[in-house]
1. Using modelled amide H (1.01 Å from N, peptide plane; none on Pro or chain starts), what sits under 5 Å from the amide H of Val135, excluding residues fewer than 5 places away?
2. For the pair Lys302 and Lys175, how long in nm is the line joining their label points, each one 7 Å along Cα→Cβ?
3. Just report the Cα centroid separation between segment 390-432 and segment 186-223, whole Å.
4. Placing unit charges on C-beta atoms (Lys and Arg positive, Asp and Glu negative, everything else neutral), compute the dipole magnitude of segment 408-456 about its Cα centre in debye, rounded to 20.
5. Among Asp411, Asp392, what is the fewest-to-most ranking by other Cβ atoms within 10 Å?
6. Add +1 for every Lys or Arg and -1 for every Asp or Glu among the other residues with Cβ under 11 Å from the Cβ of Trp246, and state the total.
7. Please report Arg239, Arg262 as a ranked list, fewest other C-beta atoms within 10 angstrom at the top and most at the bottom.
8. What is the fewest-to-most order of Val437, Val216 by other Cβ atoms lying within 10 Å of their Cβ?
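Rule-based calculations on the coordinates, nothing more; no lab input. Please read these numbers as outputs of a predicted model, since none were measured by experiment. A quick note on method: Cβ atoms are made from the backbone with ideal geometry, for glycine too, and the neighbour counts reach across all protein chains shown.
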Amino acid sequence: MQKLSNFVEYINEAGRGRPRKVTVDNKSVEYFDSKDVELTAAQQKKLDAKSKNVEKAKGKDEEHNGSHGLWAVEPPYDNDAVPPLDKKTMNKNLKRLSMKFDADEPFFILGKAGWGKTSIIKDLAKRNGRHIITVYLDKATATDLGGIPVPIQDGGVAKIVNAMPDWAAYMMTHKDDQFLLFFDEMNQAAPDVQNALMPIVLETIICNIKFDNFIVGAAGNFADENDAVSDLSAPLTSRFKPIIVWETGTEEAWHDAFEHLRKNKKWDTILPKKIVDKFEDYSMLFDNPRELEHKIFNFIKKLKDKKAYDGYEAEDYFDRLEALSKEELSNGDIKKLQELAQSIFDYLNDIGDKNEDDNSRASGRGRDMITDTDREGILKGIKRGYMDPTIDGKVLKFGISKENIMAVMTDPDVFPESKINAEMAQRLLDKWEEDGVKFKFNTDKEWKDKGYLDPLN
């Protein structure tokens, strides 16, 4: 059972035990059906102090007021000049949801987990100037919605009244504010919780008090994703019609999801834009945006922050990506995952073009930390079967084949001006192969038969 928060104090006045009113904007407001009883001066002072503290909290990203994480309050944007969403460029999901907000209608969104339903709902609420009260129904009991029964005495007669839930009391004490009362995981609510929802959703009534400062929103997941999901009752379903089925998995849905990832978490300022863009290009390899954000983006950031990436190779990142990707990947998909893994490796190890200014100061080095001269020399060597540097005034020919190229490229004595590791070398070779570059020789024996020198001796 949820803790009753501070409102128990207002009900259980010492020695009286009678029904209570709270005073809002100098007006006495009854919060359950009973006789008019004013707060004592001490109680009113405590309530006023609490209200001031709540006002000070406005503007914070999120204010957790409920016990055990059951509910939370989020304020609207501090900047009242937030531009409205352009309905011409909205996708179908956003248009349907925006219509509900514009008409102050209750809504229910049904969709797969991890696709940003909740974040988009909160964004629209804030744009419409509504504080957000989020109540998590998968954790709730009927008393968390309908109030906790409290015994009282009225004229010597014992009665039971329901103390208003603290999230509802919050809305009552902020009557001049507009709210979105958002029930998350609605179709995981137990049957008795759904029954307790009826007066709230159908009539905006809580503990026999009619509210006029909130609309109801809700979200839930498909039944095939969670065994706890159940059908909504017919009255609730009817009140929410038309239900919005959130489209997911399409290229458009992925694009919209990335827009929210960038905006809400500012990933473009935390990770290099080129990495975020690359993941967006290959996003359909994964199940949902939440996994990308929580399991990959946060993972990369934390490794970077802790400098904990030493010793990890690109293959290690590939293994992680493969475990988080969709099932039944094609060979082309595997190659894309390898490219993503290499991008992670390069970024964490400060390899590549972090920015153009760094590159311009790197003595002609390209994104692989290889000088342009060395890059050209390697490429010519592959095509001709030998490299011909001038040493002590003499032009020498060193044999190059598919067999020895990796050892040659990663030998610091051969390329002292470049920093080439195995992953970088393999990536370059793969790129050249894709471009149609072919080795003159496949084995060392072939260039030895030509009389070329061993570049490693």
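1. Phe182, Phe183, Asp184
2. Placing both labels 7 Å beyond Cα along the Cβ direction yields 4.7 nm.
3. Going from one Cα centre to the other spans 68 Å.
4. I would put it at about 140 debye.
5. Details: Asp411 14, Asp392 5.
Placing the least packed residue first, the sequence is Asp392, Asp411.
6. Cβ neighbours under 11 Å give a net charge of +2.
7. Arg262, Arg239
8. Ranked by crowding around the Cβ, least crowded first: Val437, Val216.
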